[in-house]
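Below: the structure, in structure tokens.
Just so it is clear, none of the values below were taken in a lab; they were calculated from the coordinates. Remember, predicted model here, so these are calculated numbers, not experimental data. All Cβ positions, even for glycine, are placed from backbone atoms using ideal geometry, and neighbour counts span all protein chains on display.
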Amino acid sequence: MTNIFIHIALLLIMPPLLLGVINKTKALFAGRRGPPVLQLYYDLIKLARKGVVISQVTTWVFTAAPVITLTAIMLAGLMVPMGPFQSPVAFTGDLILFAYLLALSRFFTTTAALDTGSAFEGMGAAREVTFACLSEPALFFALLVLAKMSGSLVLTNMLHAPLAAGSQASAASLVLVAGGLFILLLAENSRIPVDDPNTHLELTMIHEVMVLDHSGPLLGIILYGAAVKLFVLSAVLLHIVFPFQSGSALLDWSLFVLEMLLTAVAVGVVESVMARLQMRNVQHLLIAAILLCGFGFVLLMR
Amino acid sequence: MHSLLNALLVVVLALNLFALGTSRIITVIKVVSLQGLLLGVMPLLIEEHLALAAVSASAAAILLKGLVIPTMLLRAMRDVQIKREMEPLIGFLPSMLLGALATGFALLFATALPLASEHTTPLLVPAALATIFAGFILLTTRAKAITQIMGYLVLENGIYIFGMLLVGAMPLVVELGALLDLFVAIFVICIMVNHINQTFSSLDTRRLAALKE
């Protein structure tokens, strides 16, 4: 019971911290002091107190979308176990629901962008959906590898498969899947090789361009939702990269938080040492992710 | 032990494709050096208990493949002042796809081979075949002499992986002899590269075939 409370508390509170750590890492690489680690919390509080301006041409979709997006991602977060603990929600076949909750959140983000009628936002929506075509197969291949390895269709059991010593036989495919999922993490959260979260007025951005018309609390919800998505996908990746268990619950939870922060640092390092890819080269990266995960599956089936 | 070995071999395979796909020569050198380091660790993972032969083979491979040869090549690069492979015979993306195809076929082919039972679980045979093929592509389709050396090195890495199958049986002298040959060959090629560059002020080996008035 306590574990479920800690799970929900971490899911609610921790995500904005990750973005703070990423930005701090990037600042350190650039030799700046950078914004405080808690900056996103301040931003969210500030945005929550502001008013909302809603364009007259928009419909209910525009206001509902951020809420639905956040809800969908939160629900997905309830299915992903953290560290060696059980997830609060688990049933057979929940991996499909997990994947489609992510897809639902994307559907509503893009629909809201189209709803504004702005050509600029429509362009962002088109890009987001195009790249999703390539990132979803990669996710499913990764889930397929885990399902085959654990012999189960419950997300909790699947993600605990590397932990359950079955990994001895299949470290090779896990290495490949970990690589694929890391690319997926960067692409899904619009981090640097795919999209630059800092630019607001460039033609190459994907996620930021879709939320230009949102303001006040709605924008706050979108920012928070994006942070939660980063948190959830990192939690998935961590099961494959660090399949360790100490036995004591307290130690495991602190280990999990530490691993999470390390993932944020890793993302920050990647953003600092790489340039954003040209838009026409992004699909090569995503195809590489598909191939990595697919090849992992082939190795497992061999 | 075998799981760790397989994980390393998969990384080696990924490095092959990376070397095929990039145009920066410095990146290729770094990739091949990393591959050499990984290969150097492998003899330690194959034997159940550490033998002196395995340790010295590993140390020699790490030193030569991972450190000495890349340093020599980087120095040669600095002298001839080129950065990129400009016009390969087969483009970078197609050659990468060819490499991926070869890797897939190597996996399929290796299951059909009549191998000893202790050699079927690790990926050694398919990884060796795929690496040899990647080295072959690199060796034949690139125009610059220095990238051709990298192809030669990758090819040799593939043969080295094949040698892992015999690490218990093969005498240390044979392994060290092969490494020494490699070292001398690279040494000679580095000097040759310098001379080619001085004579033609280019490293394009296609010029060597043209007749002079």
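For the pair the stretch B:144-213 / the stretch A:91-158, the C-alpha centres are spaced 47 Å from each other.
Which of the peptides A:229-237, B:8-16 is most tightly packed, and how do the rest follow, judged by the mean count of other Cβ atoms within 10 Å per residue?
Listed from highest to lowest mean packing, they are A:229-237, B:8-16.
Dividing the alpha-carbon Rg of the stretch B:1-111 by 2.2 N^0.38 Å yields what?
1.23
Using Cβ point charges alone (K and R +1, D and E -1), the dipole size of chain A about the Cα centre works out to roughly 400 debye. Note on the protein assembly as shown: Cα Rg divided by 2.2 N^0.38 Å, N the number of residues, gives 1.09. Here the Kirkwood formula puts the hydrodynamic radius of the stretch B:2-206 at 17.3 Å, using every distinct Cα pair. Simple spin-label estimate for residue A:91 and residue A:52 gives 3.1 nm between the two label positions (7 Å along the Cα-to-Cβ direction from each Cα). Largest first, the extents of the alpha carbon coordinates of the stretch A:181-243 on the three principal axes equal 41, 26, 13 Å.
Dividing the convex hull volume of the alpha carbon atoms of the stretch A:152-281 by its residue count, what do you get in Å³ per residue?
Convex hull of Cα atoms, per residue: 150 Å³.
The slack between residue B:63 and residue B:83, meaning 0.36 nm per residue of separation minus the straight C-alpha distance, is 4.7 nm. Along the axis of the charge dipole computed for chain B (Cβ charges of +1 for Lys and Arg, -1 for Asp and Glu, origin at the Cα centre), the listed residues B:123, B:160, B:196 are led at the positive end by B:196. A quarter of the convex hull surface defined by the alpha-carbon atoms of the stretch B:85-148 gives 4.7 nm² as the mean projection.
In plain terms, the residue of B:167, B:41 with the fewest other Cβ atoms within 10 Å comes first and the most crowded comes last, giving B:41, B:167.
Dividing the helix sum by the residues of chain B, where each DSSP H run of 4 or more adds -39500 (n - 2.57), gives a mean residue ellipticity at 222 nm of -24500 deg cm²/dmol.
Annotation: aspartates and glutamates with alpha-carbon distance below 16 angstrom to residue A:50 (same-chain offsets under eight excluded): A:213. Spread over its residues, the convex hull of the C-alpha atoms of the stretch B:82-204 is 104 Å³ per residue. Cross-link reach is defined here as a Cα-Cα straight distance under 16 Å, omitting same-chain residues fewer than 8 places apart; for residue A:148 the aspartates and glutamates meeting it are A:94. The ranking of A:6, A:73, B:132 from fewest to most other beta carbons within 10 Å of each one's beta carbon is A:6, B:132, A:73. The mean number of partner chain beta-carbon atoms within 10 angstrom of a residue's beta-carbon across peptide B:3-15 is 5.
Counting, for every residue in A:284-295, the Cβ atoms of other protein chains within 10 Å of its Cβ and taking the mean gives 2. From most to least packed by mean Cβ count within 10 Å, the peptides A:270-281, B:116-127, B:148-159 give B:148-159, B:116-127, A:270-281.
With the Kirkwood sum run over all distinct C-alpha pairs, chain A has a hydrodynamic radius of 19.7 Å. Residues considered: A:216, A:51, A:122. Largest GNM mean-square fluctuation over chain A, using C-alpha springs under 10 Å, is found at A:51. In summary, the aspartates and glutamates within cross-link reach of residue B:144, defined as a Cα separation below 17 angstrom excluding same-chain residues under 8 places away, comprise B:79, B:85, B:87, B:204. Remark: mean inter-chain Cβ contacts per residue of B:150-157 equal 0, using a 10 Å Cβ-Cβ cutoff to other protein chain atoms. By the count of other C-beta atoms within 10 Å, a proxy for reagent exposure, A:160, A:239, B:195 are ordered fewest to most as B:195, A:160, A:239.
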